[in-house]
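**Student:** Pasting in a structure now, in structure tokens, and then I'll have a few things to ask.
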Amino acid sequence: MISGAVAGVLVVAGTVLVLHEGSGKPGPAPAAVSLADRTDADRVSRDLVRTDPSSASPSPVPSSASPSPSSPSPSPTHASPRPTHKVTPTHAATTKAPTPTGCTHYSGNQLTACKLLPSFGFSTSEMSALVPMWNKESSWNVSAENPGSGAYGIPQALPGDKMASVASDWRTNAATQIKWGLGYIKDRYGTPSDAWAFWQANGWY
């Protein structure tokens, strides 16, 4: 066992050198150093190494440069929608033609004929002649057809396609047929009353 105050222990090439206090020179360890003494000496040597401030690894120095803050991403801009102006379609005002005073008690195809009389220069009172005459001819039926002669429609035009001079829908449109009939009466007899008088005398007009 090593006696005396030990200032340091060095192990050189397997030889234990013990530094005693008050002596700056290492001296050889006594020859009778036991294995336990060597172990104690090794432990002391390791403790000295661990406690030596010069052997401590330096602490990492924190970097003074702070990371630059990331610039905020620009907020998305949304264009304001343009105000839409709803265009309201304009419709031409449709004025319904007033029913003439003398036509209020007629309906259907007869009312159509009564309304058309003034446009041909006839008084609505001419309906008193026109109604019975075309009752005899066709009963005011747009599809009436004479199988013997081929006369067609309300006024019994002969042939029926004569009424195409007014419009192409002469087979089915009552107004087209009536317009043609009133024009025929005006050109041939002058008035519905005169045409009815002729019909009564001859059975046709």
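**Student:** Filter the range 145-167 for residues that are polar (S, T, N, Q) and within 22 Å of Lys115 (Cβ to Cβ); which is most open to solvent (accessible area, probe 1.4 Å)?
**Tutor:** Ranking the candidates gives Ser165 first.
**Student:** If a residue must be small (Gly, Ala, Ser), more than 16 Å from Tyr205 (Cβ to Cβ) and surrounded by 15 or more Cβ atoms within 10 Å (Cβ to Cβ), how many such residues does the range 97-121 contain?
**Tutor:** Residues flagged as small (Gly, Ala, Ser), more than 16 Å from Tyr205 (Cβ to Cβ) and surrounded by 15 or more Cβ atoms within 10 Å (Cβ to Cβ) within the range 97-121 amount to 1.
**Student:** Test Thr124 against the stated conditions and say whether it is surrounded by fewer than 15 Cβ atoms within 10 Å (Cβ to Cβ), within 58 Å of the chain's Cα centre (by Cα) and not aromatic (Phe, Trp, Tyr).
**Tutor:** No, not satisfied.
**Student:** Just wondering, is there one or more residues in the range 143-155 that are part of a strand (DSSP E or B) and not aliphatic (A, V, I, L, M)?
**Tutor:** Taking the range 143-155 and keeping what is part of a strand (DSSP E or B), we get 145, 152.
Restricting the remaining residues to those that are not aliphatic (A, V, I, L, M) gives 145, 152.
Scanning the range 143-155, I find at least one residue that is part of a strand (DSSP E or B) and not aliphatic (A, V, I, L, M), so the answer is yes.
**Student:** Then there is this: Might you let me know whether the range 172-181 holds any residue that is open to solvent by 70 Å² or more (accessible area, probe 1.4 Å) and within 14 Å of Ala113 (Cα to Cα)?
**Tutor:** Taking the range 172-181 as the starting set, the residues that turn out to be open to solvent by 70 Å² or more (accessible area, probe 1.4 Å) are 172, 179.
Among the residues that remain, those that are also within 14 Å of Ala113 (Cα to Cα) are: 179.
Checked the range 172-181: at least one residue is open to solvent by 70 Å² or more (accessible area, probe 1.4 Å) and within 14 Å of Ala113 (Cα to Cα).
**Student:** Out of all the residues in the range 154-171, is one or more within 12 Å of Asn109 (Cβ to Cβ) and modelled with pLDDT of 95 or more?
**Tutor:** The answer is yes, given that some residue of the range 154-171 is within 12 Å of Asn109 (Cβ to Cβ) and modelled with pLDDT of 95 or more.
The values are calculated or read from the model by the stated rules, or taken from the named source; none is laboratory data. All values derive from a computational prediction rather than experimental measurement. Every residue, glycine as well, gets a Cβ built from its backbone with ideal geometry; the counts of neighbours run over all protein chains shown. Side chains included, ligands, DNA and RNA excluded: accessible areas come from the protein's heavy atoms. Shrake-Rupley method; radii C 1.70, N 1.55, O 1.52, S 1.80 Å.
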